[in-house]
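Participant: Here it is: the structure, laid out below.
Read-outs throughout are calculated quantities, based only on the coordinates presented, and are distinct from any laboratory measurement. Here the structure is a predicted model, which means the values were calculated and not measured. Cβ coordinates were reconstructed from backbone atoms using ideal geometry, including for glycine residues, and neighbour counts include every protein chain displayed.
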Amino acid sequence: MLLELRDVSKRFGGLHAVTGLSMTVAPRTIHGLIGPNGAGKSTVFNLLTGVLPLSSGEIVFKGARVSGLRPSEICRRGIARTFQATTLFRESTVLDNVLLALQLHAATAFVSTLLGTAAYRDRERSARARARALLASLRLLDLADERAGNLPHRDQKALCLAMVLATAAELVILDEPLAGLTAQESTDTMAVLRTLRAEGKTILLVEHDMRAVMGLCDVITVLDHGVLIAEGTPRDIQANPVVIEAYLGAEESRA
Ligand SMILES: Nc1ncnc2c1ncn2[C@@H]1O[C@H](COP(=O)(O)OP(=O)(O)OP(=O)(O)O)[C@@H](O)[C@H]1O
Ligand SMILES: [Mg+2]
């Protein structure tokens, strides 16, 4: 297993946001985490990335415990989440933002720059090609030379996604990547996520768009009031009366 949560709990004062959660995420899968508002999904992401400390339990990534580590160290080990729109380099171009994310893990690049080696120039060329391909897949290539700060909000969101996908992280955590997108943008984004899975990445996804979740995910874990109430394939989950009662029924009546 790539990721394992062992009996993880998080309390905020008297509020039990996550209680005794144990789950595993297999490599090269898209794993959905769903449930009603306030179920604890974003809290789980904050625990995974080290933004919040656990109240109890442990999190293991690639066989090593990561709970208790600083967010920067967890990121360095290969868990990345969507960049917030505010962390874009607004004065830099769209292309340079993606190049920066691509180079987050290329620690030797700086030294090579000084030396101007052929190896560096090769890497630079392939980084540019990869950045441009990612931008094209999210229909941002025409905007490659725009300043990131000039993009409309929607395109900034797509750029944030391109950046997290550009990092070398094996596990990418996405909290509602489709929220606010048009149907076409959702379709594009879903295609990019499938391509990344095919390339070997693992994606942990929180999303309220049930058609997307059911179409994308290999496995789905359902939380309600911080407790795991079901886990299985999209087909299992859609037919599970407990899930329909707690969540899917409510989503249908909202739609
Ligand atoms: N930093 C915090 N301090 C106090 N309470 C918090 C904090 N973060 C989350 N909570 C509470 O923990 C519970 C779970 O919230 P969380 O944001 O994880 O839910 P969610 O499943 O992501 O919901 P949504 O679908 O609305 O995004 C909620 O009751 C929320 O108010
Ligand atoms: Mg949330």
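Participant: Over the stretch 3-254, what is the mean sequence separation of C-alpha contacts under 8 Å (at least six apart), divided by residue count, expressed as relative contact order in percent?
Facilitator: Reported as a whole number, the value is 28 percent.
Participant: Turning to a different aspect of this structure: To the nearest 20 debye, what charge dipole does the chain have about its Cα centre, counting +1 at the Cβ of each Lys and Arg and -1 at the Cβ of each Asp and Glu?
Facilitator: Around 740 debye, computed over the chain.
Participant: Let me know the charge dipole size of the stretch 3-73 about its Cα centre in debye, to the nearest 20, where only the beta-carbon of Lys, Arg (+1) and Asp, Glu (-1) is charged.
Facilitator: With Lys and Arg at +1 and Asp and Glu at -1, about 80 debye.
Participant: Based on the Cα coordinates of the chain, what is the per residue volume of their convex hull in Å³?
Facilitator: Spread over its residues, the Cα hull of the chain gives 135 Å³ apiece.
Participant: With n ≥ 4 as the cut-off for DSSP H runs, can you work out [θ] at 222 nm for the chain, using -39500 (n - 2.57) per run divided by the number of residues, rounded to the nearest 500?
Facilitator: After summing the helix terms and dividing by the residues of the chain, the value is -11500 deg cm²/dmol.
Participant: I'd like the antiparallel share, as a percent to the nearest 5, of DSSP beta bridges with both residues in the chain.
Facilitator: Here the antiparallel bridges make up roughly 55 percent for the chain.
Participant: Sort SER22, SER42 by Cβ crowding within 10 Å, fewest neighbours at the top.
Facilitator: Ranked by crowding around the Cβ, least crowded first: SER22, SER42.
Participant: Now, a different point. When the Cα centres of the stretch 10-46 and the stretch 170-245 are compared, how far apart do they sit, in Å?
Facilitator: Value for the Cα centre distance between the two parts: 13 Å.
Participant: Also: Rank these for me by crowding, HIS225, HIS31, going from fewest to most other beta carbons within 10 Å.
Facilitator: With the sparsest Cβ surroundings first, the list reads HIS225, HIS31.
Participant: Taking the alpha-carbon distance from LYS201 and a cut-off under 18 Å, which lysines remain once sequence neighbours fewer than 8 residues away in the same chain are dropped?
Facilitator: Within reach: LYS62.
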